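In what follows, a structure is listed as structure tokens, so that the remarks can point back to it.
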Amino acid sequence: MMERTFLMLKPDAIQRGLMSEILGRIEAKGYKPVAMKFMRLPKELAERHYGEHKGKPFFPGLIEYITSGPSLVMVWEGENIISGMRVLMGKTNPSEASPGTIRGDLAQQTGRNLIHGSDSPESAKREIELFFNDYELQTWDRSVQPWMIE
């Protein structure tokens, strides 16, 4: 099933110079970029994005961290991309993430785990709408698509 998901390379990925490494892994998997913005999240947007964690002890630190520097916010498209990206990213806690995953290979701590990805179609829709307008989302065909998906 072709679907879209929201992804964010967090400030630690940007500061560590890992954008090309991470984007290369996503693109090599065959997923297609639909929209990207390089931005520093305003506090209000960060609080809305992570609203489900409001009231938890780690929430203030999470908001401080995610607004501390620029992030790359993105929409990608692909066959079952939401579940596929969850596997490609690895578990939230990098010490539990499998080798070969982004977090398993590149991250060390849960609080600095490089990347966020939507965990469901509902989350993807909500997160995409938080960060992007309809006119920013591109629809395009990749000529190699028939070589990747039947």
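Observations
- Linear extension gain, Ile149 paired with Asp119, 0.36 nm per residue minus alpha-carbon span: 8.5 nm
- Model label points for Glu129 and Lys91, set 7 angstrom from Cα along the Cα-to-Cβ axis, are 3.3 nm apart.
- For the chain, adding -39500 (n - 2.57) for each run of n ≥ 4 DSSP H residues and dividing by the number of residues yields -10000 deg cm²/dmol at 222 nm.
- Amide H contacts for Arg40 (H built 1.01 Å from N in the peptide plane; partners 5 or more residues away or on another chain; cut-off under 5 Å): Ser71.
- Fluctuation leader among Leu137, Leu114, Leu41 - the chain, Gaussian network, Cα springs under 10 angstrom: Leu137
- Pairs of alpha carbons in segment 23-81 whose separation is greater than 15 Å (percent): 59 percent
- Of the chymotrypsin sites (Phe, Trp or Tyr not before Pro) found in segment 76-150, the ones in coil according to DSSP and having at most 12 other Cβ atoms within 10 Å of their Cβ are Trp140.
- Candidate lysines - alpha carbon under 26 Å from Lys54, same-chain residues fewer than 8 apart omitted: Lys10, Lys37, Lys43, Lys91, Lys125
- Alpha-carbon Rg with Dmax, taken over the chain, Å: 15.0, 48
- Modelled label reach - Glu79, point 7 Å along Cα→Cβ, segment 111-150 residues with backbone N closer than 16 Å: 142-150
- Translational diffusion of segment 63-104, µm² s⁻¹ [Kirkwood Rh, Cα pairs; Stokes-Einstein; 25 °C; 0.890 mPa s]: 205 µm²/s
A short reminder: the numbers here are calculations on the coordinates, not readings from a lab. What you see is a predicted model, and the numbers here were worked out from it, not measured in a lab. Note that each Cβ is placed from the backbone with ideal geometry, even for glycine, and that neighbours are counted across all protein chains shown.
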